[in-house]
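Here is the structure we will look at.
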Ligand code: ZN
């Protein structure tokens with residue numbers, strides 16, 4: 001069976017960046033199980049997996065525009081510490097939900113703290129990165145009706161509920 005729209009695929013993967021640093025991997029964990037064609041994977045990876053079957057291995061390199069986009073430096077802002085009222089110990093690496101000017105919620109990350117000035121970055125952590133995926137297809141099966149209704153795969157590597 002081949003991976004195509006509404007098939008459930010289980011994959012082992014390792015994600016590295018241009019310098020070879022491992023950003024994410026299923027190694028030592030459950031492989032990932034997802035439904036093809038419902039937008040649960042980044043588009044470039046999903047496109048590369050289309051038509052593959054169990055046992056196939058592939059290497060996929062995605063430029064930033066096919067992955068999480070280029071960095072947008074206008075999303076980096078310096079705000080006053082008082083904006084984080086109620087946060088007891090502010091540290092770099094902390095993430096917060098913020099509301100942008102256009103009213104959308106956005107995940108921001110604290111990247112630097114300099115006295116009263118806190119630098120926050122609203123870019124996706126992988127924005128600007130070229131991503132290298134090493135993927136092995138473990139299994140391909142039909143999605144159940146319930147999975148399609150929920151929009152995600154169930155069972156090992158998928159949602160447990
Ligand atoms: Zn579900």
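Place a point 7 Å from Cα of residue 25 in the direction of its Cβ. Which residues in region 54-68 have their backbone N less than 13 Å from it? Backbone N within reach: none found. Pop the C-beta distance of residue 161 and residue 85 into the FRET formula with R0 = 45 Å and round what comes out to the nearest 0.05. Taking R0 as 45 Å, the efficiency between residue 161 and residue 85 is 0.80. For the residues 43, 111, 136, a GNM of the chain with alpha-carbon springs under 10 Å puts the largest fluctuation on 111.
Compute the FRET efficiency between residue 76 and residue 105 as 1/(1 + (r/R0)^6), taking r as their Cβ-Cβ distance and R0 = 22 Å, and round to the nearest 0.05. Working shown, then result.
Numbers: r = 18 Å, r/R0 = 0.81.
About 0.80, to the nearest 0.05.
The relative contact order of the chain comes to 36 percent, based on Cα pairs under 8 Å that sit 6 or more residues apart. Per the Debye calculation on region 5-113 with a single equal scatterer at every Cα and no solvent contribution, log₁₀ I(q)/I(0) for q = 0.16, 0.19 Å⁻¹ amounts to -0.96, -1.11. Taking max minus min of the alpha-carbon positions on each principal axis, region 53-161 gives extents of 54, 33, 28 Å, largest first.
Among 101-110, 67-76, how do they line up from the highest to the lowest mean number of other beta-carbon atoms within 10 Å?
Values: 101-110: 11.7, 67-76: 14.4.
Top of the packing list down: 67-76, 101-110.
Bear in mind these aren't lab numbers, they're just calculated from the coordinates by the rules spelled out. Note that this is a predicted model, so its numbers are computed, not measured. When we count neighbours, we look across all protein chains shown, and the Cβ atoms used for this are built from the backbone with ideal geometry, even at glycine.
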